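Comments concern the structure below.
Only the coordinates and a few stated rules stand behind these numbers; no lab work does. Predicted, not measured: the structure shown is a model, and the values here were computed from it. So basically every Cβ, Gly included, is an ideal-geometry build from the backbone, and we count neighbours across all protein chains shown.
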Amino acid sequence: MTIQQTLRIDGHVLLPGDEGYDHHRKALNPALDPRPAVVVRAAGAADVRRAVLAARTHGLPFAVQATGHGTHVAHDGALLLNTGAMTSVVVDPDRRVARVGPGARWRDVLAAAAPFGLAPLSGSSPDVGVTGYTLGGGLGWLARAHGLAADSVLRAQVVTADGTPRTVSADRDPDLFWALCGGGGSFGVVTALEFRLYPVTRVYAGALTFGRDRAAETLAYYRRWIERVPDALSTAVLLTRDGSLVVKAMYAGDADRGRALLEPLRRVAGPVVDDGMRVVDFARAAMGGTFARTFDQVRALDDDLVAALVDEPDTTVEIRHWGGRIAAGSGAAAHRDAPLSVVLDSVASPRTAAALSRCGLGSGFLNFLHDPARLPSAFTAANWAALRRIKGTYDPENVFAAGLAVPPAALVAA
Ligand SMILES: Cc1cc2nc3c(=O)[nH]c(=O)nc-3n(C[C@H](O)[C@H](O)[C@H](O)COP(=O)(O)OP(=O)(O)OC[C@H]3O[C@@H](n4cnc5c(N)ncnc54)[C@H](O)[C@@H]3O)c2cc1C
């Protein structure tokens with residue numbers, strides 16, 4: 001039987017040479033030139049199930065993609081399931097819940113939730129896919145106030161490696177639900193996701209730009225100042241390639257209060273070159289992130305690390321405040337107790353690398369990782385062991401092995 005005969009789907013099956021194959025095989029990263037054996041454009045959950053089973057029948061590696069924003073490995077020779085057409089978004093304003101298809105992007109949810117005065121825990125780009133972002137943890141500008149996106153999932157519909165459609169939640173298959181919400185896309189293929197929305201409409205957000213001459217003092221002050229700020233305020237300090245010090249901030253509350261909270265930091269940083277703080281709709285608060293070539297969560301920002309970061313040449317450095325409701329969450333994602341993360345858009349100099357290895361947790365955050373070899377660093381040792389165990393239960397043959405995939409714990413011989 002050919003793969004088209006096995007599939008018999010409502011969506012589209014695209015083979016090399018077919019119209020649309022070249023468009024739908026692509027990832028966002030232009031350095032990747034993936035050559036899947038077949039691309040399946042799913043129209044619904046039944047197609048997802050048929051695609052999983054067809055990959056197994058034909059002995060093809062299986063991979064799933066919604067937008068290609070988080071695809072870091074070329075899925076050559078695979079059956080690539082594309083969920084980009086499954087974009088439904090339904091908002092229940094009374095329960096403050098959204099239910100979305102696996103192809104929905106944050107832009108779709110922001111637009112559907114805003115008329116009800118609600119917002120999702122989206123991140124820096126509205127083009128990112130809801131499902132990949134959420135399964136990978138989901139660190140947005142409301143995370144200190146309301147937690148990681150993965151912690152706000154209420155229910156998921158998922159097709160597991162044996163082709164079984166399941167509805168999972170804290171009450172149904174709780175171990176699979178826990179692994180999925182923060183452990184990434186290698187436990188099953190999500191066909192629908194239900195998650196909480198929050199009553200956030202207008203926020204005080206943007207960036208303050210300063211000269212860089214007081215960078216060391218500002219960072220030394222920042223590490224103490226963050227201990228006193230409320231969870232509704234999220235900030236990051238950037239030392240940019242063009243020689244500026246930038247404070248990015250979002251306060252989910254009254255602008256006067258937000259301004260007053262930022263004032264002490266502003267005084268230490270020196271004269272403001274540009275004040276880009278505004279009251280804006282949450283959906284329009286463009287808070288783009290820094291490309292993470294180096295990423296670590298750090299326990300502390302000691303004087304050596306501050307000095308190394310200030311002297312880091314030809315780099316943008318971003319120091320971001322975590323904590324708040326992120327620390328309160330118990331999901332699989334991230335190292336919850338780290339108060340800060342450090343991102344560099346380049347490889348760290350030996351001095352910074354040494355300082356990071358002293359202050360840092362050696363950790364990556366799943367959504368900011370590109371290298372599958374570093375995957376264990378995205379989790380605590382206990383969570384990594386639990387994820388591998390759960391993977392061994394639900395996908396012992398490692399059908400979902402593509403990309404940043406948790407390998408199953410070896411089965412214990414009976
Ligand atoms: C411009 C940009 C800004 C970003 N900003 C943030 C941010 O602020 N915060 C943050 O936390 N992350 C951020 N990210 C990272 C982003 O969340 C991840 O790259 C995420 O994986 C993207 O998901 P996607 O569905 O768009 O990508 P895709 O490439 O389509 O999918 C990525 C992975 O998600 C999994 N996946 C997707 N769909 C399914 C499904 N239906 N079932 C099971 N697994 C699935 C698969 O493992 C897949 O390999 C950003 C990325 C970019 C490019």
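For the stretch 12-82, the Stokes-Einstein estimate of translational diffusion at 20 °C and a viscosity of 1.002 mPa s comes to 179 µm²/s, using the Kirkwood hydrodynamic radius over alpha-carbon pairs. Summarising the strand pairing of the stretch 12-119, around 45 percent of its internal DSSP beta bridges are antiparallel. For the chain, the equivalent ellipsoid derived from the alpha-carbon gyration tensor has semi-axes of 38, 23, 20 Å in decreasing order. Where only DSSP H runs of four or more residues are counted, the chain gives -7500 deg cm²/dmol as its mean residue ellipticity at 222 nm, each run worth -39500 (n - 2.57).
Rounded to the nearest 0.05, the FRET efficiency derived from the C-beta distance between R257 and A373 at R0 = 35 Å is 0.20. Extending 7 Å from the Cα toward the beta-carbon at both D18 and R241 defines two label points whose distance is 4.0 nm. With the contact rule set at Cα under 8 Å and sequence spacing of 6 or more, what percent relative contact order holds for the stretch 136-233? Normalised by residue count, the contact order of the stretch 136-233 is 29 percent. The magnitude of the dipole of the chain, with charges of +1 and -1 set on the Cβ of Lys/Arg and Asp/Glu and taken from the Cα centre, is near 600 debye. The residues K26, K391, when put in order of fewest to most other Cβ atoms within 10 Å, stand as K26, K391.
With everything on Cα atoms, drop me the angle between helix 215-225 and the longest principal axis of the chain, reported from 0 to 90° to the nearest 10. Computed tilt is about 80 degrees. Paramagnetic label reach from T57 (point 7 Å along Cα→Cβ; backbone nitrogen cut-off under 14 Å): within the stretch 148-171, residues 163.
Over all pairs of different C-alpha atoms, the stretch 99-138 has a mean inverse distance whose reciprocal, the Kirkwood radius, equals 10.1 Å. Ordered from longest to shortest, the equivalent ellipsoid semi-axes for the stretch 89-199 are 22, 14, 13 Å, each the square root of 5 times a Cα gyration tensor eigenvalue. As a proxy for reagent exposure, ranking W178, W384 by other Cβ atoms within 10 Å from fewest up yields W384, W178. Packing around the peptides 248-260, 37-49, taken as the average count of other Cβ atoms within 10 Å per residue, puts them in this order, highest first: 37-49, 248-260. Label positions at D281 and M1, each projected 7 Å from the Cα along the C-beta direction, are separated by 4.8 nm.
When the Cα centres of the stretch 38-65 and the stretch 385-408 are compared, how far apart do they sit, in Å? Distance between centres, Cα-based: 18 Å. Which one, G137, G188, G289, has the greatest fluctuation when you compute a Gaussian network model over the chain with C-alpha springs under 10 angstrom? So, out of G137, G188, G289, the one fluctuating most is G289. Stokes-Einstein diffusion for the stretch 263-336, with the hydrodynamic radius set to the Kirkwood value over Cα pairs and evaluated at 37 °C in a medium of 0.692 mPa s, equals 206 µm²/s.
In terms of other Cβ atoms within 10 Å, D151, D22 run from fewest to most in the order D22, D151. Report the FRET efficiency, 1/(1 + (r/R0)^6), for S346 and S169, where r is their Cβ-Cβ distance and R0 is 41 Å, rounded to 0.05. Taking R0 as 41 Å, the efficiency between S346 and S169 is 0.45.
If you plug the beta carbon distance of S330 and A300 into 1/(1 + (r/R0)^6) with R0 = 22 Å, you get a FRET efficiency near 0.40.
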